[in-house]
Amino acid sequence: MNGLGFRQANSWLHTWSGLLLGWLLYAVFVTGALSFFRDEISFWMQPAQHASVAHAEAPQRAVDTMQAMAPDASLWSITLPGPRNPTTQVRWFEQGERRSKFGGQSAVLDGTTAQPLQERASRGGDFLYRFHFELYGMPRILARWIVGIATMMMLVAIISGVITHKKIFVDFFTFRPRKGQRSWMDVHNALAVLALPFHFMITYSGLLLLMFMLMPWGVDSAYGGDRQAFFSERGNRTAASAPAPAADKTPAALTAIGPLVRQAQAKWPNGVEQITVTDPGTNLATVELRERGAGSLLDRGRSGRMLFDGASGALLESPEQARPDAFSAIYNVFSSLHLLRFADTWLRWLFFIGGVLGSAMVASGMVLWVVKRLPQRRKQGSHLGHRLVESLNVASIAGLPIAIAAYFWANRLLPVPMQARADWEINAFFIAWLACLAHACFRPHRKAWKEQLGALALLLALLPLHDLLRGGGSLLAAVSHGSWVAAGMDFALLAFAALSAAGVYFLRPAQAKAGKRAPAPAEGIEGVSP
Amino acid sequence: MSTKKSSGSGAKLSPAGHRWNVASRTLLAVAGGYAITAMATASLGLALPLPRAQAVMAATLFSFALYCALVIWAYSAATARRAWSVAAVLAALPAAHLAFRWVAA
Amino acid sequence: MNWTSLALAFCGLTLLALGMARHHEQVFGDRPALVRPAVLAVFGWLLLIVSTLPPIARHGTSIGLAVWAGELTLAALAVLLLHTYAPRFVPPLLAAAALSVPAWLLIAGWSR
């Protein structure tokens, strides 16, 4: 390292910080990109619900169904159909039951009739979301540390990459195809630079989301280890209103929900996302409506609320939320951009494309490492380290998508009443991934690529076809009901199948490519060129 | 070409020398960098002229940028010795501040 | 999706590309530049700045800038692929994109 210039030293650092955990970073990027569509994927994995369509009367009908299913509940939470899911999702807690995010009982109702729909046991998009930062099958804190360390290495790779890239502006739109290693470098550079703000933002915000675990020393030192004190000081918690006297709970009919929803829709352009009813059927009932969409990232995209008296339907005053301080605002902007809970369809697709470009950036870097060392390999013969990187490349870049496709296939093929069904969908994912690793280790490198990419193209493309043959078919549902969530997923599956097929096409033998011009001598038989 | 282990910036390192160099810088980057960042975050959280919760937030938000810069320094410095020397100087300030606070408590 | 910001970003990035010798040569061959590179660069940046306005107007500043950054990536991808694989189409597509902006605004304003 001594005697290298600043750029050269950073070039070395970029290669190693990128390569060592590149396969893990690729998995984090891919599952992260998919997590932007977590709700949509979960919906797609419940085919019995695909016929659901939103209806203007959904709020009142959902309340009527809740009245029948859980009249004595302490709280009903009703999430109305929306652009990400055309069903009504309900959750309720019995009297005295502790209210937590995943507790209580839940059901999925049809968007029009508000009748319960069948749910098949599946972790849905949540498996991919959790994998993104907690991996699987290991203690949560350990997994978060592993992902956190990988993310820090990603940050170092990004910064050292920018330092190394001498002609970052001049080369901004440059791509020189069919030039072997030069082309792979151009691809890696283009994918990195064209979405550089996204890559930097998503990486740094990922670190911030884990920051109290990775870097707790500020909090611990200033608060003497009392983290709760820090969180409540920072939380801008509005003062809790005085609890209502418990004695006077008398039965009272719940007010009609429809007029309340219409009142909110007059104010909110994107409509109502969620209705929360506390103590329904009593005089203490309250109805809280939550707005769909978000105002600003500065307060985490907090949406508007309206609170009504449950018996009379009168609008109550909501306490003003305090404005966040500058540093909390910075944290809120970064974390909101990473989690993207608030985003509308267009922004969600833009960020998904960013995630795909990021995944491709990591993948192209790992391929570039192999391609760069091919002349050396041909002279000096095979080297265990190179062979390891080659096999890991195929097993992660092509193998992970194959594993995800296997997860989707298991969702479609496993019998609904099967025991531990959700676990077996996940087992299918890991079995497929291990099979890809074994395949990559034993097949010659180029053949391994072609075979896995080919398998991927088939697996993805046949999924929508399978649905069609089974009497589903999201495209028909989309055209007839106007429900595009499942159709969007099917389009994406077909698009990625086409991309994989294109990859197989690029890998066709060099002689076939020589139709118009002789192959560049530097490529050789092993050489792969986009 | 020199064949002995050397830390002069002009002389080329032997393969063994190169490995020690990389190991040394890596230790500095991973462990030293984290230690300096941790101390700096704790120190800034106490020292910044802001309400306590905001000072801690500001220090922690910034910490990852600092760590990244330290890693890059560890590998970019002309020699490993220079890398460690500067890092020691950078560590001294927050370490002294924290030691002072601890003694004064 | 807001077409005007995408089209404006595409035009701005194309002008910036044409201001670089390598891409000017890709599109126009050996012919000398009609417009000085510095002028192209200025107008390119101007169009990029203007392209931030539609998403900000629609979504507010913080979300608008996030949308804009994403659209910039898409437009940049289009410019790169165009210059690499079909440089002959750059001038006509640039003109079409530029004209589509007032056309879209007219249509959008009409239907309101």
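Remark: chain A carries a charge dipole of roughly 2900 debye about the Cα centre, counting +1 on each Lys and Arg Cβ and -1 on each Asp and Glu Cβ. Sorting A:107-115, B:52-60 by their mean Cβ neighbour count within 10 Å, with the most densely packed peptide first, gives B:52-60, A:107-115.
Counting, for every residue in B:78-89, the Cβ atoms of other protein chains within 10 Å of its Cβ and taking the mean gives 1. Reported to the nearest whole Å, the Cα centre-to-centre distance from region C:81-112 to region B:37-105 is 51. Helical runs (DSSP H, four residues minimum) scored at -39500 (n - 2.57) apiece and divided by the length of chain A put the mean residue ellipticity at 222 nm at -18000 deg cm²/dmol. Shielding value for A:172-179 is 5, the average number of Cβ atoms from other chains within 10 Å of each residue's Cβ. Given H placed on each backbone N at 1.01 Å, which residues far from A:Glu273 in sequence or on other chains put an amide H within less than 5 Å of it? Amide H neighbours of A:Glu273: A:Arg290, A:Glu291, A:Arg292.
Counting only residues at least eight positions apart within a chain, or on another chain, the aspartates and glutamates with an alpha carbon under 13 Å from that of A:Lys249 are A:Asp72, A:Asp279.
As an exercise, identify the chymotrypsin sites (Phe, Trp or Tyr not before Pro) in region C:28-93 lying in DSSP coil whose Cβ has no more than 13 other Cβ atoms within 10 Å.
Working: sites: C:Phe28, C:Phe43, C:Trp45, C:Trp68, C:Tyr85, C:Phe89; in loops: none.
When the chymotrypsin sites (Phe, Trp or Tyr not before Pro) of region C:28-93 are filtered for loop state and at most 13 Cβ neighbours within 10 Å, nothing remains.
Relative contact order for chain A: 18 percent, from Cα pairs under 8 Å spaced at least 6 residues apart, divided by residue count. Comparing Cα centroids, region A:252-309 and region A:129-158 end up 37 angstrom apart.
Peptides A:454-467, A:348-361, ordered by how many other C-beta atoms sit within 10 Å of their residues on average, highest first, read A:348-361, A:454-467.
Chain A: longest stretch without exposed GluC sites (Glu not before Pro) (DSSP loop, at most 13 other Cβ within 10 Å), sites themselves excluded?
Values: sites that count: A:Glu94, A:Glu317, A:Glu320.
Maximal segment without exposed cleavage sites: A:95-316.
In terms of distances greater than 27 angstrom between alpha carbons, the cross-link table entries A:Lys167/A:Lys450; A:Lys166/B:Lys12; A:Lys167/B:Lys12; A:Lys379/A:Lys447; A:Lys166/A:Lys379; A:Lys372/B:Lys12 yield A:Lys167/A:Lys450; A:Lys167/B:Lys12; A:Lys166/A:Lys379.
Peptide A:158-169 shows a mean partner chain C-beta count of 1 within 10 Å per residue C-beta.
Any read-out appearing in this document is the output of simple, stated calculations on the displayed coordinates, not a laboratory observation. Treat the numbers as computed from the prediction; the structure is a model and nothing was measured. As a convention, Cβ positions derive from the backbone with ideal geometry for all residues, glycine included, and neighbour counts pool all protein chains shown.
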